[in-house]
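These notes are about the structure you will find just below.
The values are calculated or read from the model by the stated rules, or taken from the named source; none is laboratory data. The structure displayed is predicted, hence computed values, not measured ones. Neighbour counts run over all protein chains shown; Cβ positions are idealised from the backbone, glycine included.
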């Protein structure tokens, strides 16, 4: 059960990593364009997708590490976190408001118009469709690179630390 607590803490930490962007007033027209972009790109459904992406692998890992955990306990943890993360990204949530402010910080109405135009083309719709798989494949490639290269990198770090007299 301690492992479930660690997973719960980890998921909460992921949600708290990004510092919120607060205190700026957003032009209503800019906000409306951002909301349109969220709808067109599927950002408005981020909560359920993020919940699945975070919880499913965590539950599988927990099951492997703690095979004695009752299925019912895992189901409850998964159900609660899936619902809470999905709700955290609802249109009236603080995270959603922070995301709108973040987009407003980086995009003008002209930028958003160009993005909306692009995402309504065949290439734009394809980009929306394949982006999650591209991100997943990219993360897998980065993980493979890290597994392959981390021993060598740690050796270089150790060598440099020894050369500087910081470790023996």
Any residue in the stretch 56-76 that is over 26 Å from residue 140 (Cβ atoms), buried (at least 16 other Cβ atoms within 10 Å of the Cβ), without any contact (Cβ under 8 Å) to a residue 24 or more places away in the chain and outside the structural domain of residue 131 (by TED's automatic domain parsing)?
no
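Taking the conditions exactly as written (within 21 Å of the chain's Cα centre (by Cα), in a helix (DSSP H, G or I) and modelled with pLDDT of 85 or more), does residue 34 satisfy them or not?
Values: within 21 Å of the chain's Cα centre (by Cα): yes; in a helix (DSSP H, G or I): yes; modelled with pLDDT of 85 or more: yes.
Considered against the rule, which asks whether it is within 21 Å of the chain's Cα centre (by Cα), in a helix (DSSP H, G or I) and modelled with pLDDT of 85 or more, residue 34 comes out as yes.
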Please tell me if residue 153 is part of a helix (DSSP H, G or I), over 25 Å from the mean Cα position of the chain (by Cα) and not assigned by TED's automatic domain parsing to the domain that holds residue 54.
yes
Looking only at the stretch 133-149, count every residue that is surrounded by fewer than 10 Cβ atoms within 10 Å (Cβ to Cβ) and either within 19 Å of the chain's Cα centre (by Cα) or outside any helix (DSSP H, G or I) (or both) and tell me the total.
1
Looking only at the stretch 80-125, which residues are in contact with a helix residue (DSSP H, G or I) (Cβ under 6 Å, 6 or more places away or on another chain) and under 17 Å from residue 50 (Cα atoms)?
81, 82, 85, 86, 88, 89, 95
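Take residue 47 and tell me if it is under 25 Å from residue 28 (Cβ atoms), at pLDDT below 90 and part of a helix (DSSP H, G or I). Working first, answer last.
On the way: under 25 Å from residue 28 (Cβ atoms): yes; at pLDDT below 90: yes; part of a helix (DSSP H, G or I): yes.
When the stated conditions are applied, residue 47 passes them.
Quickly run through the stretch 77-93 and pick out the residues that are in contact (Cβ under 8 Å) with a residue 60 or more places away in the chain and under 16 Å from the mean Cα position of the chain (by Cα). First the steps, then the outcome.
Here is the first cut: in the stretch 77-93, the residues in contact (Cβ under 8 Å) with a residue 60 or more places away in the chain are 77, 81, 85, 88.
Scanning the stretch 77-93 gives 81, 85, 88.
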Given (1) in a helix (DSSP H, G or I); (2) within 30 Å of residue 127 (Cα to Cα); (3) modelled with pLDDT of 75 or more, number of the condition residue 62 does not satisfy:
(2)
Report yes if some residue within the stretch 150-158 is at pLDDT 85 or above, more than 25 Å from residue 45 (Cβ to Cβ) and surrounded by 14 or more Cβ atoms within 10 Å (Cβ to Cβ); otherwise report no.
no
